[in-house]
Amino acid sequence: MTAARQRAMVVGASSGIGEALARELADAGYDVGLTARRRELLEDLGRVLPTKAYVARTDVTETEAARETFQEVCDAMGGVDVVVLNAGVAFENPDLEWEPERDTVDTNVRGFTALATAAMDRFEDQGHGHLVGVSSVAARFGNGEAPAYGASKAFVSNYLEGLRYRTGRLDADVDVTTVEPGYVDTDLAGGDFWKADRETAAEQIRRAIEKKRRHAYITRRWVLIAKLIDYMPDVLKRRLFR
């Protein structure tokens, strides 16, 4: 008897890491759910994947509609084994204008939480699942050029940690993985130091999923930078990140 194919949903799959990861997972044999704001890009992607693709437009800032769409895609797929929350925005905002800060929080915090809770509800109902959240090494420090971005990613990392601890009291078999990339060759890259191509990032994320790792730095050597920042004195951080 042939084993059932694994099913993964990638939220924020129209470009960047999300698109590359959707391709990587499909190549590994997963059926994939693809959601993002730009449906036409999702449809183009779905047509070239080697496994079955389920496409739906989702704007995570429209939280109630996004949660409903999430459940509809899960139902269409017959359930979901892995949910990757990758939707996010980043703005340089040294003048501290309200709109970029608001949009960052709406997407990276409110939108993320709306779908993280929807995914956990689904996993608990079906008895299993794996939530993967894409945070950032920027969660480790404040940044005067983009205050909301690092703060929003700190929220993502800490929220995922809380969900991971919460799984200890569940009857369901649920895993939670926090992904913290450094610089990846996408529109949100932010720098060139140790910049990885998106295919390498996607491959390492897939491996982290398959190994059910609790935490993954992308690429792996960014753990060195993360640990350095953790122990860096505040006076030096103020000079580097002002």
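Below is a table of values for the structure above.
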item	result
Residue satisfying condition, being crowded, with 16+ Cβ neighbours inside 10 Å and either more than 17 Å from the chain's Cα centre (by Cα) or closer than 29 Å to Ser152 by Cα (or both), within set Val11, Val48	Val11
The range 221-242, subset among the basic types (Lys, Arg) and loosely packed, with under 13 Cβ neighbours inside 10 Å, residue modelled with the lowest pLDDT	Arg242
Residue match in the range 157-175 (condition: modelled with pLDDT of 90 or more, within 29 Å of Asp95 (Cα to Cα) and buried (at least 17 other Cβ atoms within 10 Å of the Cβ))	yes
Any hit, the range 23-30, residues being over 25 Å from Thr104 (Cβ atoms), in contact (Cβ under 8 Å) with a residue 60 or more places away in the chain, open to solvent by 20 Å² or more (accessible area, probe 1.4 Å) and touching a Cys at 6+ places or on another chain (Cβ under 9 Å)	no
Looking only at the range 138-154, and only at residues there that are in a helix (DSSP H, G or I) and either of a type outside the set (Gly, Ala, Ser) or over 27 Å from Val223 (Cβ atoms) (or both), the one that is least open to solvent (accessible area, probe 1.4 Å)	Lys153
Filter result for the condition that a residue is open to solvent by 20 Å² or more (accessible area, probe 1.4 Å), of a type outside the set (Asp, Glu), closer than 23 Å to Asp27 by Cβ and touching a helix residue (DSSP H, G or I) at 6+ places or on another chain (Cβ under 6 Å), over Arg207, Arg122, Arg198	Arg198
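Residue-by-condition table, conditions (1) under 17 Å from Asp173 (Cα atoms); (2) surrounded by fewer than 21 Cβ atoms within 10 Å (Cβ to Cβ); (3) touching an Asp or Glu at 6+ places or on another chain (Cβ under 9 Å):
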site	(1), (2), (3)
Gly88	no, no, no
Phe91	no, yes, yes
Asp95	no, yes, no
Trp98	no, yes, no
Arg102	no, yes, no
Val105	no, yes, no
Val109	no, yes, no
Thr117	yes, yes, no
Ser136	no, no, yes
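The values are calculated or read from the model by the stated rules, or taken from the named source; none is laboratory data. All figures in this text were calculated on a predicted structure; none of them were measured in a lab. Using ideal geometry, Cβ is built from the backbone for each residue, glycine included, and neighbour counts are taken over all protein chains shown. These accessible areas exclude ligands, DNA and RNA; they are computed on the full protein's heavy atoms, side chains included. Shrake-Rupley method; radii C 1.70, N 1.55, O 1.52, S 1.80 Å.
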